[in-house]
Amino acid sequence: ELKEIVFIIQSQSNSFHSKRAEDLKRDILKQSADLGKELPTVLLIHQMNRHEGAWTILPLMRDLSVTYGGNSSWIFFCEEDTRIQVVKLLETLGRFDTSKEWFLGKALYDEESTIIHHYAFAENPTIFKFPDFAAGWALSIPLVNKLANKLKSEPLKSDFTIDLKHEIALYIWQKGDGPHLTPVPEFCTDEANSYKVNHCATTFSNFLPLCGEPVKKEDVFVAVKTCRKFHGDRIPIVKQTWEREAALIEYYSDYAEISIPTIDLGVPNTDRGHCGKTFAILERFLNQSSSRIPWLVIVDDDTLISISRLRKLLSCYDPNEPVFLGERYGYGLGTGGYSYITGGGGMVFSRIAVQKLLASKCRCYSMDAPDDMVLGMCFSGLGIPITHSPLFHQARPMDYPKDYLSHQIPVSFHKHWNIDPVKVYFTWLAPNTEDSLHAKKAGYNREDL
């Protein structure tokens, strides 16, 4: 029965995202009403629980078990851009015995072991399957109850949430004692108008959001963090690839080199963390750049980014809201903790977010503290939520499953380690046809990267 399914949309409180989630909720309820069925429960994750870690889902298991354990059969999770054919979903779930523990989804796997999964299953990473959240995924109520009981006796540890879909699958698997992910072919990430989707219960809008004209080039200020030892090898790659897309760009270093040029912020370089440097950049943006520039992007010197795609994405966000945007990680979310934007993929700030942050007097506890985590802590204390976009990437293309990247138009990747970064840029991020043709002529192929 439809009323036995609880839909949970992985929503966010930013106005653009919450509207998308509300639209999906309305669509699910309308399809259900058109069937003449008793309506299912549809929940938005950012409204369910003020717990900072609600987006990591496991902290919600006990509440879900208590509230829905007695009268539901399935908890079905999806993203705001997942599209659901309710009739097909009912048919699909109907094939499974709801008295058993089921973990259903579209299976992803690593081609090779990767740092973002702590090199799990290093001998053969392809054996471990985890769900593509974009296609939706489901837990049967007996499994939800089991997880809730486990969490009662073994609270989640206070460590990092880096790739939630992989970490949830690992937690459910329980070192082999729990269920594996059961792949469901009806959970799809093809676009709704694709010829392939006749059998699909779910589809996914795989596009780069555009909400009107892209933000003007002059409305995005780009700050590149570098240091003297990387001037010779990393900065030339930025200049060869994405620098030309940025109208306003400055390189911040511990040494002023006129030929680049770099600006010495007067902050000594640290081997890690760079908190002092990042806060100096934030102060400079507020005090020395034109007050009319609404957006600041801070990237590392080994970040590869598409500024033209970022400008399209930013058309969906209100610069009058405090926006802190990028790829979201979490720290200690089982015990309070906070979310943060991981720095390598690029951190995007609206000017008002920078103003509120610096007015708060929240600062680095040491010059080499991890800047991205300190920023997360500060914004969490101010009640300003992190805004997550999966189009920013802390790692290289080969660190993600091909199937996962196939339904993305990425904005950034990070790290030059064991890759040709120029090749990666022209293959994945170059803005126009000329660049893409250049990539094809050079024989660059996404499959190879």
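The values are calculated or read from the model by the stated rules, or taken from the named source; none is laboratory data. Here the structure is a predicted model, which is why all the values come from computation and not from measurement. Cβ placement follows ideal geometry from the backbone for every residue including glycine, while neighbour counts extend to all protein chains displayed. The accessibility values were calculated without ligands, DNA or RNA, using every heavy atom of the protein model including side chains. Shrake-Rupley method; radii C 1.70, N 1.55, O 1.52, S 1.80 Å.
Which of the pairs LYS216/LYS402; LYS239/LYS423; LYS3/LYS152; LYS129/LYS175; LYS175/LYS196 have their Cα atoms more than 24 Å apart in this structure? It would help to have the intermediate numbers written out before the result.
Values: LYS216/LYS402 32 Å; LYS239/LYS423 14 Å; LYS3/LYS152 28 Å; LYS129/LYS175 13 Å; LYS175/LYS196 35 Å.
Those over the limit are LYS216/LYS402; LYS3/LYS152; LYS175/LYS196.
What number comes out for the charge environment of ILE249, summing +1 per Lys or Arg and -1 per Asp or Glu over other residues with Cβ under 13 Å away? Can you show the working numbers first?
Values: positive: LYS217, LYS225, LYS239, ARG244; negative: GLU218, GLU243, GLU245, GLU250, ASP301.
So the surrounding residues net to -1.
So what does log10 I(q)/I(0) come out to for the range 2-204 at q = 0.11 Å⁻¹, using the Debye formula with one equal point on every Cα and no solvent?
So the normalised log intensities work out to -0.50.
Under a Cβ-Cβ cut-off of 12 Å, what is the net charge of the residues other than LYS19 that fall near it, where Lys and Arg count +1 and Asp and Glu count -1?
Values: positive: ARG20, LYS25, ARG26; negative: GLU22, ASP23, GLU80, ASP318.
Local charge sum for LYS19: -1.
On average, how much accessible surface per residue is there in the range 390-435, in Å², for a 1.4 Å probe, leaving out ligands, DNA and RNA?
Details: 1620 Å² over 46 residues.
Per residue, the range 390-435 has an accessible area of 35 Å².
Any idea how far the Cα center of the range 382-416 sits from the one of the range 359-377, in Å?
23
What accessible surface, in Å², does a 1.4 Å probe find on MET377, ignoring ligands, DNA and RNA and rounding to the nearest 10?
Approximately 80 Å² for this residue.
Quick one: of the DSSP bridges fully inside the chain, what percent are antiparallel, nearest 5?
On the way: 28 of 57 bridges.
Beta bridges within the chain, antiparallel portion: roughly 50 percent.
What whole-number distance in Å separates the alpha-carbon centres of the range 105-130 and the range 8-27?
30
Viscosity 1.567 mPa s, temperature 4 °C: what is the translational diffusion coefficient of the range 217-429 from Stokes-Einstein with a Kirkwood Rh over Cα pairs, rounded to a whole number of µm²/s?
Numbers: Rh = 17.4 Å.
It diffuses with D of about 75 µm²/s by this estimate.
Please give the net charge around PRO319, taking every other residue with its beta carbon less than 12 angstrom from that of PRO319, where Lys and Arg add +1 and Asp and Glu add -1. Mind showing how you got there, number by number?
Details: positive: LYS216, ARG292, ARG351; negative: ASP219, ASP318, GLU321.
Summing Lys/Arg as +1 and Asp/Glu as -1 gives 0.
With a Förster radius of 35 Å, plug the Cβ-Cβ distance of GLU154 and PHE121 into 1/(1 + (r/R0)^6) and report the FRET value to the nearest 0.05. The partial results should precede the final answer.
Numbers: r = 22 Å, r/R0 = 0.64.
Rounded to the nearest 0.05, the efficiency is 0.95.
Accessible area of the chain with a 1.4 Å probe: how many percent of it is carbon plus sulfur? Before the final figure, lay out the partial values.
Numbers: 9650 of 19160 Å².
Of all accessible area on the chain, carbon and sulfur atoms account for 50 percent.
Calculate the length of the line joining the C-alpha centroid of the range 230-279 to that of the range 184-212, in whole Å.
Using only Cα atoms, the two centres lie 40 Å from each other.
Using 0.36 nm per residue, how much length does the chain from ASP264 to GLU22 gain when fully extended, once their Cα-Cα distance is taken away?
Numbers: separation 242, 0.36 × 242 = 87.12 nm, distance 4.66 nm.
Contour length minus Cα-Cα distance gives 82.5 nm.
For the range 321-429, run through the chymotrypsin sites (Phe, Trp or Tyr not before Pro) and keep only the ones in DSSP coil with at most 15 other Cβ atoms within 10 Å of their Cβ. All intermediate terms of the calculation are to be shown ahead of the outcome.
On the way: sites: PHE324, TYR329, TYR331, TYR338, TYR340, PHE349, TYR365, PHE379, PHE392, TYR404, PHE413, TRP417, TYR425, PHE426, TRP428; in loops: TYR365, PHE392, TRP417.
Answer by residue number: TYR365, TRP417.
Need the list of aspartates and glutamates near LYS277 for cross-linking: C-alpha distance under 15 angstrom, and skip anything on the same chain fewer than eight residues off.
Counting by Cα, and skipping residues close in sequence, LYS277 has these aspartates and glutamates nearby: GLU250, ASP254, ASP264, ASP300, ASP301, ASP368, ASP371, ASP372.
For the pair SER13/SER205, report the inter-label distance in nm, with labels modelled 7 Å from Cα in the Cβ direction.
Output for this residue pair reads 2.4 nm.
Check ILE8: other-chain or 5+ apart residues with amide H under 5 Å from its amide H, H built from backbone geometry?
LEU43, PHE76, PHE77, CYS78
Could you check what % of the DSSP bridge pairs in the range 94-228 are antiparallel, to the nearest 5? List each step's numbers first, then the result.
Working: 5 of 8 bridges.
Approximately 60 percent, going by the DSSP bridge assignments.
Helix-only mean residue ellipticity at 222 nm, the chain, DSSP H runs n ≥ 4 weighted -39,500 (n - 2.57), per residue, nearest 500. What is it? All intermediate terms of the calculation are to be shown ahead of the outcome.
Numbers: 14 runs with 133 residues, N = 449.
My calculation for the chain gives -8500 deg cm²/dmol from helical runs alone.
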